[in-house]
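Encoded as C-alpha cells, the structure appears first; notes follow it.
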Amino acid sequence: MSTTTPATARTGTGTTGSTGGTAAALSAARTLATAARVLRQLRHDPRSIALMILVPCVMLVLLRYVFDGSPRTFDAIGASLLGIFPLITMFLVTSIATLRERTSGTLERLLAMPLGKADLITGYALAFGLLAIVQSALATGLAVWALGLDVVGSAWLLLLVALLDALLGTALGLFVSAFAASEFQAVQFMPAVIFPQLLLCGLFTPRPNMQPVLEAISNVLPMSYAVDGMNEVLRNPDITGAFVRDVLIVAGCAVVVLALGAATLRRRTA
Amino acid sequence: MMNSIGAAAIHARGLTVRRGDRTVLRGLGFSVPPGQITGLLGPSGCGKSTLMRAVVGTQAQVTGTLDVLGRPAGDGALRARIGYVTQAPSVFDDLTVRQNLDHFAAVLDPGRSRRAARRETVTRAIDDVDLTSHADSLAGRLSGGQRGRVSLAVALLGTPELLVLDEPTVGLDPVLRRDLWNLFHRIAAERAATILVSSHVMDEAERCHRLLLMREGEILADDTPDALRARTDSETVEAAFLHLVDQANALQESAR
C-alpha cells in the first residue's frame, strides 16, 4: 500500500472492486431513492411541472387551428410533433437539472458516497420518464380524441414512440450538461443539439427530397427515426418492420447516450 | 511523529497535487491520529481544501501515498466511512431540511427495512446541528449559516469514522460556533471518530487536539497547540502561527 503509484491510478480498482458486491445488490434501492428525490424536488416547483405538461398541449391546439383548412397537414405535422415535444422538453429539463446538481456540489457529495453512477443516471431517467409518461399521454390523448388527429395505427404505439423520445431527450440533456459551465450555456445547447435535428428530421419536407448530403446526415440523427416511427403509426394499421427498426434505433440511441452521460460523471475532478 | 504509521487515520507521504499547471500540494508527509480532532490551518489559497478533497477522494491528479483508514484514499469501500462537508454548502435548495437528509441517508443506508433506523439518524442529525425548528423549511430559504449546518448534518449521518470538515463554522455566531465545537468533541469522544477540520479562526485552533499549519502547499508545523506555543514562545496559537509564517518567509527571502 505504501508504494508511490499515483493515487488516481489506484482508485480505478477501488471504485469498481470493493463495493461491487453490495452495490450491485442494493442499487435498486438507491436508484429508486434518487428518482423519488428528483420528483420531490420537482414537486416544490409546480410552475415548472405545469409548463412541461401544458405547453405541448397548448401548441397542439394552436397547430390544429393553424391548419384548420387542411386536416391532412395537421395529421402529418401533429404526429411528428407528438414525438418531438417530449424530446425537447426532457432535454431542457434534464440538462438544467443535472447542471444544477453539478454546480451546487451535491453531485460531488453524492459521488463521494456509496452511490453508483448508474444508480444516479437511472434514477434521473426514471423520474423524468414518469413525467414524460404523463406529458405524452395527455398530448397524445388530446391530439387523437379531442383534436381529431387521424391515425390509422394504434394510439398506444404513438405513446410508446413518444416515451422513447422523452428518454432520448433525457439522455441527450444529461450528456450535454457535462459540457456546459453555466445554465446560460446549457440553454444555448438546445439550438445547437436540437435545431439541426428538427430541420433534418423530415418534419418540414420528406427526407428523400433533401440534398443528398443532408439526407445522409439525417440518416444518423436519432430524431429522424422518432419522426419516421410516428409516421409509420400514422399510415399503417399494424406494426411494420420499419416501425420496429425505428423504435429500436431510438431506444438504442437513448441507451448509448445515457451510458456516455454516465461516463461524464467523474468521482475525481480537478 | 508520535503515532505509529499503522494506527494513523490518515497517513501521507510525498503527497503532491497538481491543478492545471500549478502544483497545489508539494510532497506533503504527515499523519493524523485516530479519535482526535486535527485542525488544518493556513491562509486562504494555501491548499487546505485541496488536501481535504484528496483525503475524501474527489481530487484528481494526486500522486504519492495517501492512506485513509488503512486504505488508499478514494477507495470505494471508504465512501460509507467518511463524512465530508465542502466549504460551500452542498444541499438541495429545493428540498426541505428533512427531505435533504432523508435522501442522503437513503443513499448511505438504502432499503425499505432500514427506514426506521434512517428516520432516527436523520432526526438526531437535525438535532445535532440545532435545526429541529426548521426541519420542514426549504433549504434554499434558510440563511447562509443555517444552510451550512444542513450540509454539516448530512456528514453526521451514518456515524462516519472520519469527518472531513472544510471551514464548517464560517459565518456562524459565537454561540453556535461554541455549540458545534462541543458537538465535534462529543463526536470524537463518544464515537471515537477522527475529525479533520479546517479553519481560518485561530481561537478555534486552541480547541483542536493537534494542528497542521499549512503555507503555500507545504506543512509548516504538525504538533499539539501547547507544543506549538511552547516551541515559538507565544501566548496564543495565532501568535505561534504568525511567528512560523514570518520565519518561513524570512527563510525564503534569504534563500533568494
Contact order relative to length of chain A, as percent, for alpha carbon pairs under 8 angstrom and 6 or more apart: 26
Derived scalar couplings ³J(HN,Hα) [region B:136-147; Karplus, 6.51 cos²θ - 1.76 cosθ + 1.60; whole Hz; x for Gly, Pro]: 9, 8, 5, 4, x, 8, 7, 6, x, x, 5, 5
Prolate/oblate/rounded label for region B:113-212 (Cα gyration tensor, a/c 1.5): oblate
Loop-resident sites, region B:170-210, for GluC sites (Glu not before Pro), counting at most 16 other Cβ within 10 Å (DSSP): B:Glu206
Chain B: antiparallel DSSP beta bridges as a percent of all, rounded to 5: 55
Net charge over other residues, Cβ less than 10 angstrom from the Cβ of A:Thr240 (K, R count +1; D, E count -1): -1
Within 10 Å of each Cβ in B:108-121, the average number of Cβ atoms from other chains: 2
Kirkwood-type radius of chain A, with distances r between different C-alpha atoms, in Å: 19.9
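Between rounded, prolate and oblate, where does the protein assembly as shown land on the alpha carbon gyration tensor, with a ≥ b ≥ c its root eigenvalues, rounded for a/c under 1.5, else prolate if a/b exceeds b/c?
prolate
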Normalised contact order of region A:26-185, rounded percent, pairs of Cα under 8 Å and 6 or more residues apart: 41
Shielding by partners - mean other protein chain Cβ count within 10 Å, residues of A:27-34: 4
C-alpha long axis of helix A:222-235 to longest principal axis of chain A, angle in °: 40
Label-zone membership for region B:127-142, site A:Ser48, 7 angstrom Cα→C-beta point, backbone N under 16 Å: B:138-141
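Calculate the mean, over all residues of peptide B:49-57, of how many other protein chain Cβ atoms lie within 10 angstrom of the residue's Cβ.
2
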Chain A: angle of helix A:46-66 to the longest principal axis, Cα-based, in degrees nearest 10: 20
Tilt relative to chain B, helix B:115-128 - C-alpha long axis, 0 to 90 degrees, to 10: 50
Helix-only [θ]222 nm of chain B, DSSP H runs n ≥ 4, -39500 (n - 2.57) each, per residue, nearest 500: -11500 deg cm²/dmol
Sparsely packed GluC sites (Glu not before Pro) within region B:218-256, loop by DSSP, other Cβ within 10 Å at most 15: B:Glu235
Region A:182-224 - percent of accessible surface contributed by carbon and sulfur, probe 1.4 Å: 72
Extension gain, A:Ala263 back to A:Arg245 (0.36 nm per residue minus Cα-Cα distance, nm): 3.8 nm
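The values are calculated or read from the model by the stated rules, or taken from the named source; none is laboratory data. Since the model is a prediction, treat every value here as computed from it, not as a measurement. Every residue, glycine as well, gets a Cβ built from its backbone with ideal geometry; the counts of neighbours run over all protein chains shown. Heavy atoms of the whole protein, side chains included, go into the accessibility calculation; ligands, DNA and RNA do not. Shrake-Rupley method; radii C 1.70, N 1.55, O 1.52, S 1.80 Å.
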